[in-house]
Amino acid sequence: MDLTLKVWRQKNKEDKGGIETYPIKGISEHASFLEMLDVLNEQLISEGKEPVAFDHDCREGICGTCSLYINGEAHGPDRKVTTCQLHMRMFKDGETVYIEPWRSKSMPVIKDLIVDRTAFERIQQAGGFISVNTSGNTQDANALPIAKPMADKAMDAATCIGCGACVATCKNSSAMLFVAAKVSQYSYLPQGQIERKERVLNMVEQMDKEGFGNCTNTGACEVECPKGISLEFIARMNKEYLGASIVSE
Amino acid sequence: MSKGFSKSSVGRKVLMALSGFFLISFLLLHFVINFLSVFDADLFNVASHFMGTNWIIQFIMQPVLLFGVLFHLIMGIYLELKNRAARPIKYAMNKPSENASWISRNMVITGVMVLLFLGLHFYDFWVPEIVDKFVDGIWDQPTKYFTHLVHKFEDPVRVGIYCLSFVFLGLHLLHGFQSAFQSAGFNHNKYTPLIKKLGNLFAIVISLGFIFIAVFHHFNSH
Ligand code: SF4
Ligand code: FES
């Protein structure tokens, strides 16, 4: 299939950047979106031009590195897939395809389609962990019985891969789906109880410091999230936060 | 309560929800009393007179209500401005309707339309009432309410503006009702679908109900 690509090009953080148009021919409909970009880059290199920089790593939907805003949607028109899992058969022959980076003040573009997602890391560092002694005397995991429904919920939340599609797609650039997933995953488990209150308070505080917008429950994040993280977790985070705020000094 | 609560994104969201709940309950009361006017003028007068002269309602509930309206409004607009600033560079190609409804994305528009309507509505009903009581000092007019109401709905333009505003109110409620539960931290497999249905019903009944009342009095006064 032949396509017209409209790709965001930007030299570095300071550069203003702009959309460039590239025609591309003979793409297989079985190719993945990133393979199509590989072909484009080969083409650009052979023309002596700078290839398009984009983030990718596992290319199998588990690492959360790939992050493209394709034709007006985070991770493109397919549902519950990351950009690397998106196939060219989702597009029509002759179509014009816009490829842009995530847009958020808190995730600025570094180069072309790559954005700086360290804000997510700082939020994680503020409380997205449990403190355990790893000196070698750690307890066997199976010694702690956990009810199946609780374990399932924790797993559902833990499937978040931190890709940032929720922020990219939210009209408010809110990071609440991501933070909610990271707060919720431990809240269901016994290991998460000790730091439960500080966790939600600190993570929300860091999220706000990073300058993400405020959630207005449009639900767009849940639709575009490649892992189908549910809005239910945002409600849970709100409740956790409310509870922690009431009891904290 | 922790100090940062009302300054945090989640805290503000909860406060928007709580003020929303309060306004929803007020709307319901307002609607029920107004609906009385359709079938019993005397009953409507009795209820309105009670609301207008009971000191708890006048001196406690009324200021609380005004505060609730102002809070919801100012916070809503403030958050909208902050949210816009959170994405300084827009997408060249964006398809927001693929993943969220127009109503949920445009609460500020429907909200501001309701606000503009409130200006007219206060001018029509609230200001004369306040002038009567606090400027002229006349508190005891138990039968004025129905006449005043019918008189206001003689003008077809005004009725039109009221009806249009109720449509905006309904749209605001369609998202706002269920959204308030979510913001307050309530999301439940079993009850959330029910809350969504109830919210839709509430929005439709309130907006069509108010429209009906306005239109009814317009045609009945002729
Ligand atoms: S919640 Fe979904 S969209 Fe957001 S970062 Fe996690 S996986 Fe990506
Ligand atoms: S490259 Fe790892 S999820 Fe796409």
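The values are calculated or read from the model by the stated rules, or taken from the named source; none is laboratory data. Everything quoted here is computed from the prediction, not taken from an experiment. Note that each Cβ is placed from the backbone with ideal geometry, even for glycine, and that neighbours are counted across all protein chains shown. Protein only, heavy atoms only, side chains kept; ligands, DNA and RNA dropped before computing areas. Shrake-Rupley method; radii C 1.70, N 1.55, O 1.52, S 1.80 Å.
In the stretch A:61-82, the residues that are farther than 21 Å from B:A92 by Cα reach residues that are among the polar types (S, T, N, Q) with C-beta atoms within less than 7 angstrom, at least six apart or across chains, in these pairs: A:G61/A:T82; A:G61/A:Q85. I need the full set of residues from the stretch A:190-231 which are within 12 Å of ligand 1 (Cβ to nearest atom) and charged (D, E, K, R), in order please. Listed by number, the residues that qualify are A:E222, A:E224, A:K227. For the stretch A:186-230, filtered to residues that are part of a loop (DSSP other than H, G, I, E, B) and more than 20 Å from B:K13 (Cβ to Cβ), the residue that is least open to solvent (accessible area, probe 1.4 Å) is A:P226. Whenever a residue of the stretch B:95-115 is more than 7 Å from chain A (Cβ to nearest Cβ), its partners that are aliphatic (A, V, I, L, M) and buried (at least 18 other Cβ atoms within 10 Å of the Cβ), lying with C-beta atoms within less than 7 angstrom and at least six residues away or across chains, give the pairs B:I103/B:L171; B:I103/B:L174; B:T110/B:L171; B:V114/B:L169. Screening B:K7 against (1) more than 18 Å from B:G170 (Cα to Cα); (2) more than 14 Å from chain A (Cβ to nearest Cβ); (3) surrounded by fewer than 18 Cβ atoms within 10 Å (Cβ to Cβ) leaves a single unmet condition, (2). When the stretch A:43-76 is limited to residues that are more than 16 Å from ligand 2 (Cβ to nearest atom) and part of a loop (DSSP other than H, G, I, E, B), the one that is farthest from the other protein chains (Cβ to nearest Cβ) turns out to be A:G48. Quick one: is B:S19 under 30 Å from B:S221 (Cα atoms) and crowded, with 18+ Cβ neighbours inside 10 Å? So B:S19 does not fit the description; no. Restrict the check to the stretch A:128-146 and report whether at least one residue is surrounded by 14 or more Cβ atoms within 10 Å (Cβ to Cβ), within 14 Å of ligand 1 (Cβ to nearest atom) and more than 19 Å from A:T218 (Cα to Cα). Yes. Screening A:C166 on (1) more than 16 Å from ligand 2 (Cβ to nearest atom); (2) within 25 Å of A:R79 (Cβ to Cβ); (3) open to solvent by less than 40 Å² (accessible area, probe 1.4 Å) shows it passes everything except condition (1).
Selection of the stretch A:170-185 for residues being surrounded by 24 or more Cβ atoms within 10 Å (Cβ to Cβ) and more than 16 Å from ligand 2 (Cβ to nearest atom) yields A:C170, A:N172, A:S173, A:S174, A:A175, A:M176, A:L177, A:V179, A:A180, A:K182, A:V183, A:S184.
For the stretch B:10-54, residues that are facing another protein chain (nearest Cβ under 10 Å) and not in a helix (DSSP H, G or I) total 0. The set of residues in the stretch A:15-34 being assigned to a loop (DSSP other than H, G, I, E, B) and either closer than 20 Å to A:E50 by Cβ or of a type in the set (S, T, Y) (or both) consists of A:D15, A:K16, A:G17, A:S28.
Summed over the stretch A:82-127, residues that are touching a Gly at 6+ places or on another chain (Cβ under 7 Å), part of a loop (DSSP other than H, G, I, E, B) and away from ligand 1 (no atom under 16 Å from the Cβ) total 1.
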